[in-house]
Amino acid sequence: MIITPAETHDLAKLLSFREEAAAWLRDIGSDQWSRPYPADKLLATINAGTVFMVRDGHTTAATITLTPDAEEGLWTDAELAEPSLFINKLTVGREYAGQNLGGRLLDWAGDRACRAGARWLRLDAWTTNEGLQRYYLGQGFSHVRTVYEGSAVNGGPRVSGWLAQRAARLSDHGFSDRTPAPSRLSSAA
């Protein structure tokens, strides 16, 4: 399997991936990702070079967004002063479930974060999705805290405020990495 940057023509696949994941989550009783993600926001992250695709031949097996930009209102100023990369929208195609593809993607992200000079690989997960939280804990992340208030949507409660991190470290993730070398973080020493 190879990992490459997403391209604009991947937009439809990324949107369908999210719909597939939302349907699966709904089937297991979670409201995570129940609202459609705006295509223009997703296209902006593709154009920013922060979305990556795992390809198995001509099939897209998984995707991850890895960015130096934290979602507003989640991390403290002291935490933001530490060099970090942030995971968003990690999605594995259902036909690839149970093959540790998500774990390998987390290792790839940690490896990329380390090569960028980050100390931490960080994420926020759905506040009520305890299965997902256990998954991240099993992948070596430590729970930092849960943020319930401050949603950007209608001033309501935050739905994705379970914060976790693990040290950025080099890893043998097993992908053929066809991504450009990561840019060094400006706050990295």
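Of these, LEU42, LEU90, which one is closer than 22 Å to GLN133 by Cβ and hydrophobic (A, V, I, L, M, F, W, C)?
Details: LEU42 fails: closer than 22 Å to GLN133 by Cβ.
After applying the criteria, what remains is LEU90.
Filter the stretch 71-91 down to the residues that are of a type in the set (A, V, I, L, M), under 21 Å from PRO5 (Cβ atoms) and touching a residue at least 40 places away in the same chain (Cβ under 8 Å) and list them by number. Talk me through it step by step, then tell me what you get.
In the first step, residues of the stretch 71-91 are kept if they are of a type in the set (A, V, I, L, M); the result is 74, 78, 80-81, 85, 87, 90.
Now narrow it down to the ones that are under 21 Å from PRO5 (Cβ atoms): 85, 87, 90.
LEU85 - this is the single residue of the stretch 71-91 that is of a type in the set (A, V, I, L, M), under 21 Å from PRO5 (Cβ atoms) and touching a residue at least 40 places away in the same chain (Cβ under 8 Å).
Return the only residue of GLY110, GLY117 being surrounded by fewer than 20 Cβ atoms within 10 Å (Cβ to Cβ) and under 19 Å from THR50 (Cα atoms).
Working: GLY110 fails: surrounded by fewer than 20 Cβ atoms within 10 Å (Cβ to Cβ).
One residue alone meets the criteria, GLY117.
Could you tell me whether any residue of the stretch 180-188 is modelled with pLDDT under 90 and either under 14 Å from the mean Cα position of the chain (by Cα) or buried (at least 18 other Cβ atoms within 10 Å of the Cβ) (or both)?
Taking the stretch 180-188 and keeping what is modelled with pLDDT under 90, we get 186-188.
Subset that is either under 14 Å from the mean Cα position of the chain (by Cα) or buried (at least 18 other Cβ atoms within 10 Å of the Cβ) (or both): none.
No; the residues of the stretch 180-188 include none that is modelled with pLDDT under 90 and either under 14 Å from the mean Cα position of the chain (by Cα) or buried (at least 18 other Cβ atoms within 10 Å of the Cβ) (or both).
Would you mind telling me which numbered condition in (1) in a loop (DSSP other than H, G, I, E, B); (2) more than 13 Å from the chain's Cα centre (by Cα) GLN133 fails?
Only one criterion is unmet by GLN133, namely (1).
Exactly one of (1) modelled with pLDDT under 95; (2) touching a Gly at 6+ places or on another chain (Cβ under 7 Å) is unmet by ALA168. Its number?
Of the numbered conditions (1) modelled with pLDDT under 95; (2) touching a Gly at 6+ places or on another chain (Cβ under 7 Å), the odd one out for ALA168 is (1).
Please work out which one of (1) modelled with pLDDT under 70; (2) farther than 20 Å from LEU105 by Cα is the condition ALA22 fails and give its number.
Checking ALA22 against (1) modelled with pLDDT under 70; (2) farther than 20 Å from LEU105 by Cα, the one that fails is (2).
Within the stretch 81-110, which residues are assigned to a strand (DSSP E or B) and of a type in the set (Ser, Thr, Tyr)?
Filtering the stretch 81-110 down to residues assigned to a strand (DSSP E or B) leaves 84-92.
Scanning the stretch 81-110 gives SER84, THR91.
The values are calculated or read from the model by the stated rules, or taken from the named source; none is laboratory data. It should be emphasised that the depicted structure is a prediction, and the values quoted were computed from it without experimental measurement. Here Cβ is always computed from backbone atoms with ideal geometry, including for glycine, and neighbour counts include all displayed protein chains.
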